[in-house]
């Protein structure tokens, strides 16, 4: 795919996001689009955000569910960039008017106390670099109409990331069985989804380790103080304005989300 084509697709994403208006599937219009092309488009879109004053605070990992990977015909997760203006504080209402088709996921986030830039980073080095972890809601949103996406569509669209809401409590990772962490999502007193850490590439830690090694390869390592949202523990749920949602992370925290 030529640079001009990548820039043209990036511009369509930028304008779609700005107007909160969906566009057609990128993978349909450009069937030759590769994963590398899609990351190039993501880079152009995110550079536009940086040029407008955005500040990178971390990363999110997507496609961490084996079932979703099989659905899209891929064997790897993907990632996007988190900006400071994507943070919504716990208890604040989420304004859906600037989004297209928002959905929410319960995840585990990590904050790091040192740069993850060592060649051949080991899993134990990743563990020792974690400052704390926290339950978090990621609000995802696709610029592609009706979520009719393949892997290149979501990668180009910054891994379909929109907002994130961290909980109010933060925890040491020492002695935690991340595979066993559970979340239950309720709306109007009805459980609409549930899951556990093992659904996230086997463990949120393994998901974070995948990203850390990937970014070292790309020479854009995770830096001290940055956060990583490691991927969904349970299926995502639609956000409907006027409804309230409760994400209960067993033994950790409960995050309440009000969609407006």
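The values are calculated or read from the model by the stated rules, or taken from the named source; none is laboratory data. All values derive from a computational prediction rather than experimental measurement. Cβ sites come from the backbone with ideal geometry, for glycine too, and all protein chains shown count toward neighbours.
Structure notes:
- Within the stretch 111-146, the set of residues being in contact (Cβ under 8 Å) with a residue 24 or more places away in the chain, closer than 12 Å to residue 209 by Cβ and part of a helix (DSSP H, G or I) comprises 123, 126, 127.
- Residue satisfying all of: in the stretch 79-92; surrounded by fewer than 17 Cβ atoms within 10 Å (Cβ to Cβ) and modelled with pLDDT under 95; nearest to residue 162 (Cα to Cα) among these: 92
- Test for residue 76: is it out of contact with any helix residue (DSSP H, G or I) (no Cβ under 6 Å at 6 or more places or on another chain), modelled with pLDDT under 95 and either in a strand (DSSP E or B) or closer than 24 Å to residue 108 by Cα (or both): yes
- Considering (1) assigned to a helix (DSSP H, G or I); (2) more than 16 Å from residue 46 (Cβ to Cβ), the lone condition that residue 169 does not fulfil carries the number (1).
- Of everything listed in (1) in contact with a helix residue (DSSP H, G or I) (Cβ under 6 Å, 6 or more places away or on another chain); (2) farther than 16 Å from residue 166 by Cα; (3) touching a residue at least 40 places away in the same chain (Cβ under 8 Å), the single unmet condition for residue 224 is (1).
- Condition met for residue 181 (within 18 Å of the chain's Cα centre (by Cα), surrounded by 21 or more Cβ atoms within 10 Å (Cβ to Cβ) and touching a residue at least 12 places away in the same chain (Cβ under 8 Å)): no
- Subset tally (residues that are under 15 Å from the mean Cα position of the chain (by Cα) and either under 17 Å from residue 181 (Cα atoms) or at pLDDT 95 or above (or both)) for the stretch 106-151: 16
- Per the listing 90, 97, the residue uniquely touching a residue at least 24 places away in the same chain (Cβ under 8 Å), on the phi < 0 side of the Ramachandran plot and not in a helix (DSSP H, G or I) is 90.
- Which numbered condition residue 27 fails, given (1) surrounded by fewer than 21 Cβ atoms within 10 Å (Cβ to Cβ); (2) modelled with pLDDT of 95 or more: (2)
- Residue check, residue 50 assigned to a helix (DSSP H, G or I) and either under 30 Å from residue 169 (Cα atoms) or modelled with pLDDT under 95 (or both): yes
- The lone criterion from (1) in contact (Cβ under 8 Å) with a residue 40 or more places away in the chain; (2) touching a strand residue (DSSP E or B) at 6+ places or on another chain (Cβ under 8 Å) left unmet by residue 191 is number (1).
- Being at pLDDT 95 or above, more than 20 Å from the chain's Cα centre (by Cα) and surrounded by 16 or more Cβ atoms within 10 Å (Cβ to Cβ) is a description that does not apply to residue 45.
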